[in-house]
Amino acid sequence: MRIASICAVGWIGFCGIASVALAGDAHTLIVPNDVKWAPAPKMLPAGAEVAVLFGDPSKEGLFALRLKAPSGYVVAPHTHPADEVVTVISGTINLGMGEKADRGAAKALPAGSFFALPPEMAHYAYFDEETVVQITTNGPWGLKYVNPADDPSKSQ
């Protein structure tokens, strides 16, 4: 039993070292002044900007990006194919859950707030002020609108 415990501890230690080595291969540091903003992809309503911080949202694998939404910006009810992990960097996102947008049911999440949504969970967002959120998930990034008529990439 003692030998099994020692082996298990050794295996856990090795896995930890392997994780650090893999993380070291993808070493990324970005200070606020180095964030490079660009127009958001056409799957989002016009007016927002994104900055990819890590990885590539169009490919398989982990990525992190920031979304800057202007005051008055709205994202209609939609889902994503993978977990979505979000931190509010500045401003406030008004997040609602479900397939129908209801501004009164949305919860205001100010800077410093965090939320994580499982795959295929319908949600929507309102922005009453310029807001920056950081999204971390696995690519390829996808966004499917509950009502296909809300998809801005289909109306262009």
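Every number here is computed from the coordinates shown, using simple stated rules; none is lab data. Since the model is a prediction, treat every value here as computed from it, not as a measurement. So basically every Cβ, Gly included, is an ideal-geometry build from the backbone, and we count neighbours across all protein chains shown.
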Restricting attention to the range 77-97, which residues are touching a residue at least 40 places away in the same chain (Cβ under 8 Å) and either surrounded by fewer than 17 Cβ atoms within 10 Å (Cβ to Cβ) or farther than 22 Å from LYS154 by Cβ (or both)? PRO81, ALA82, ASP83, VAL85, VAL86, THR87, VAL88, ILE89, SER90, GLY91, ILE93
Looking only at the range 42-83, count how many residues are farther than 19 Å from VAL31 by Cα, outside any loop (DSSP other than H, G, I, E, B) and more than 11 Å from the chain's Cα centre (by Cα). 8
Any chance you could count how many residues in the range 98-145 are closer than 18 Å to SER71 by Cα, part of a strand (DSSP E or B) and either in contact (Cβ under 8 Å) with a residue 60 or more places away in the chain or not aliphatic (A, V, I, L, M) (or both)? 8
When the residues of the range 107-121 are filtered to those that are among the hydrophobic types (A, V, I, L, M, F, W, C) and surrounded by fewer than 18 Cβ atoms within 10 Å (Cβ to Cβ), which remaining residue is farthest from HIS78 (Cα to Cα)? ALA111
